[in-house]
1. Let me know the charge dipole size of chain A about its Cα centre in debye, to the nearest 20, where only the beta-carbon of Lys, Arg (+1) and Asp, Glu (-1) is charged.
2. Quick one: what Rg and Dmax do you get for region A:32-108 from the alpha carbons, in Å?
3. Suppose each label sits 7 Å from its Cα in the direction of the beta carbon; what would the residue A:38-residue B:85 distance come out to in nanometres?
4. Farthest toward the dipole's positive end in the protein assembly as shown, which of B:69, B:52, A:59, given Cβ charges of +1 (Lys, Arg) and -1 (Asp, Glu) about the Cα centre?
5. Along the charge dipole of region A:47-140, which of A:111, A:128, A:98 sits closest to the positive end, that is, farthest toward it, with unit charges on the beta carbon of Lys, Arg, Asp and Glu (+1, +1, -1, -1)?
6. Test of understanding: in a Gaussian network model of chain A with alpha carbons linked when under 10 Å, which of A:74, A:95, A:50 would top the mean-square fluctuation ranking?
7. Give the Kirkwood hydrodynamic radius (Å, one decimal) of chain B, defined as one over the mean of 1/r across all pairs of different Cα atoms.
8. Inside 10 Å of the C-beta atoms of A:37-46, what's the mean count of C-beta atoms belonging to other chains?
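Please treat every number below as a calculation from the coordinates, not as lab data. This is a predicted model, so every value here is computed, not measured. Please note: Cβ atoms are built from the backbone with ideal geometry, for glycine as well, and neighbour counts cover all protein chains shown.
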2 protein chains.
Amino acid sequence: MNQQGQSGAAIEETLRVVGDRWSILLVRAGLRGIRRFDDFCDDLGIARPVLTERLRRLVKFGIFERVKYQDKPVRYEYRLTEAGLALSPALVALVRWSEEYSQEVTSETTLVHAPCGTELEQAFWCRSCQTTFGPHAVKGVGVNGES
Amino acid sequence: MNQQGQSGAAIEETLRVVGDRWSILLVRAGLRGIRRFDDFCDDLGIARPVLTERLRRLVKFGIFERVKYQDKPVRYEYRLTEAGLALSPALVALVRWSEEYSQEVTSETTLVHAPCGTELEQAFWCRSCQTTFGPHAVKGVGVNGES
DNA sequence: AGACTGAGTTCGAAATCCGAACTCAGTAGT
DNA sequence: ACTACTGAGTTCGGATTTCGAACTCAGTCT
C-alpha cells in the first residue's frame with residue numbers, strides 16, 4: 001500500500017537531528033568544502049549562537065567532527081564524517097525536487113555526473129537483480145511482516 | 001554576502017518549505033494514506049495551530065491540495081499532489097540514512113526492492129554512461145562552471 | 001602598544017511552538 | 001427540542017527558539 005512501510009521511528013529520529021532549517025544547509029556547506037565557524041556563518045547567514053548549538057548537535061550525532069587544525073591559538077574546524085557524507089543522497093533528492101517542482105526560484109545550476117557531465121538521475125539499486133528502479137518499487141518490510 | 005551557488009538558492013527555497021520538523025513528517029503521513037486534519041494531528045502528535053499553519057503552507061507550495069469531500073457539513077481533507085509524491089526519493093534517502101547511521105533507534109523495518117525483497121541501495125544513475133555511482137562523483141555545474 | 005583573527009558566549013527583543021479550551025455547522029439519538 | 005458528538009479549525013497564555021549585535025579570550029602581526 002505505501003512504499004515507506006512503517007519505518008516511522010527511524011525517520012522521526014533522523015528528523016530530530018537534521019530536520020530543522022539549518023542542519024541540511026550545514027551539511028551542504030560541508031560538502032562544498034566549508035569548515036570554519038566564521039565561514040559557515042557568513043555563507044549561510046546563520047546567527048552565531050544557533051550555529052554553535054547546531055554544530056554541537058551534529059557533532060554529537062556523528063555528522064560532523066570537530067578537528068583541531070592549529071595549536072598556537074588553538075583552533076577547531078568542522079569536517080563532515082562518513083555519515084555526514086552519506087546524507088548527500090537526501091540532499092541531492094531535495095535539489096532535484098526543487099529543480100523540478102519549486103515554483104519560485106528556478107536554479108541555473110544542475111547536478112551532473114562529474115566524469116561525463118551528464119545530468120544525473122536518482123535511482124534505487126538492487127544488488128541481486130542488478131537493476132535500478134524507482135520509488136514505486138520500494139517496499140518496507142519489518143519484523144511482523146507487515147508492509 | 002553569501003556565495004551559495006545557484007543550486008544553493010534552489011535548496012534554500014526548498015528547505016524554506018519543507019525544512020522544519022513537521023513538513024516531511026506530514027508528507028510521510030500523506031504517503032501512508034492519512035488525509036484528515038484530526039488524523040494528522042493524532043498520528044504525528046502535532047499541535048493543532050501548528051498543523052493548520054503547516055498544511056496551509058504546504059498547500060500554498062503545491063505539495064498538498066485541500067479537497068472538499070463532503071457537502072452537508074462542509075469538510076475538507078488534504079491530499080498529496082504530484083509534487084508532494086515526488087518528495088518520496090528524499091524521504092527514502094532519509095530513511096536509508098537512518099537505517100545505516102542513526103545511533104539511537106535501530107528501526108525494526110527496512111526498505112527493500114519489492115519484486116525480490118532484497119535490501120535496496122541508493123545510487124545516482126548516469127544515463128549516458130549507463131552506470132550507477134556514489135556521491136563523490138556528483139558535481140554541480142552552472143553559469144560560472146564552479147563546482 | 002594597538003589592531004586583528006577565529007571561535008565562540010552573553011544579552012534582550014522578536015518569532016514560534018505548545019496544550020488546552022473554545023467555536024461553528026451539521027448529524028444522530030432520545 | 002435537548003443533548004451529545006464530529007471534524008476542522010481558532011483563540012489563549014505561557015514556554016521555547018531564534019535572532020542580531022556586542023562582547024570575550026588567546027594568540028599573532030606590525
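1. On the way: 19 positive and 19 negative charges, 149 e Å.
About 720 debye.
2. Over region A:32-108's Cα set, Rg and Dmax evaluate to 15.1, 50 Å.
3. The two pseudo-label positions are separated by 5.1 nm.
4. Of B:69, B:52, A:59, it is B:52.
5. A:128
6. Between A:74, A:95, A:50, it is A:74 that shows the largest mean-square fluctuation.
7. On the way: mean 1/r = 0.0551 Å⁻¹.
When all Cα pairs of chain B are included, the Kirkwood radius is 18.1 Å.
8. Numbers: counts 0, 0, 0, 0, 1, 3, 5, 4, 4, 1.
Per-residue shielding by partner chains comes out at 2.
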